[in-house]
Amino acid sequence: VQLQASGGGLVQAGGSLRLSCAFSGRTFSRYAIGWFRQAPGKEREFVAAISYGGGNTYYGDSVKGRFTTSRENAKNTVYLQMRSLKPEDTAVYYCAARTDWYAGSTSASPCDYWGQGTLVTVSS
């Protein structure tokens, strides 16, 4: 499995950005996809996840109401739409795949595959 995250960049506070995670190598519809982020000097943090069927989504407390994740199985791609961005959202964002996702599952450990990360910088 290969995951390719893209779409990061520099944005002003209050702005929006959409990240993409392209999946290849296995049957995409059999994998749940999650997003994590890591800021300099901080631990990796759970951001959002979407179940393999797309029917369930999960969000970290710090992004609820601002970020939305979705998937387009025909394109083997998951998106993370980020709105009302804050300077504290600055981090490298990673997508990860596992066989399914459950409510309350915020650990990075069960993830089987990881993308290389894309940098999001939010200026104040």
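Compare the peptides 107-114, 33-40 by average per-residue count of other Cβ atoms within 10 angstrom and give them in order, highest first. Please report the intermediate quantities before stating the final value.
Working: 107-114: 14.0, 33-40: 21.1.
Ranked by mean Cβ neighbours within 10 Å, highest first: 33-40, 107-114.
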Q.
What lysines does residue 75 reach when the alpha-carbon gap must be under 16 Å and sequence neighbours fewer than 8 apart in one chain are set aside?
A. none
**Q.** Counted charge near residue 112, where neighbours are those whose Cβ lies closer than 15 Å (Asp, Glu -1; Lys, Arg +1)
**A.** +2
Q. In nm, to one decimal, how far is the modelled label at residue 13 from the one at residue 102, with both set 7 Å along Cα→Cβ?
A. 3.9
Q.
At 1.4 Å probe radius, can you tell me the per residue accessible area of the range 53-98 in Å²?
A. 45
Q: Name the residue, out of 31, 102, 93, whose mean-square fluctuation peaks in a Gaussian network model built on the chain with Cα pairs under 10 Å.
A: 102
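Of all the accessible heavy-atom surface of the chain, with the other protein chains kept in place and a 1.4 Å probe, what percent is carbon and sulfur? Numbers along the way, then the final one.
Details: 2780 of 6230 Å².
About 45 percent, which is the carbon plus sulfur part of the accessible surface.
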Q: Using Cα positions and a limit of under 19 Å, work out the aspartates and glutamates in reach of residue 42, with same-chain residues fewer than 8 apart set aside.
A: 61, 88, 89
Q. Which semi-axis lengths, in whole Å and largest first, follow from the square roots of five times the eigenvalues of the Cα gyration tensor of the chain?
A. 22, 14, 13
**Q.** Loop-resident sites, the range 35-124, for GluC sites (Glu not before Pro), counting at most 12 other Cβ within 10 Å (DSSP)
**A.** 43
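The values are calculated or read from the model by the stated rules, or taken from the named source; none is laboratory data. Everything quoted here is computed from the prediction, not taken from an experiment. Note: ideal-geometry Cβ built from the backbone for every residue, glycine included; neighbour counts use all protein chains shown. Just the protein is used for accessible areas: all its heavy atoms, side chains included, with ligands, DNA and RNA removed. Shrake-Rupley method; radii C 1.70, N 1.55, O 1.52, S 1.80 Å.
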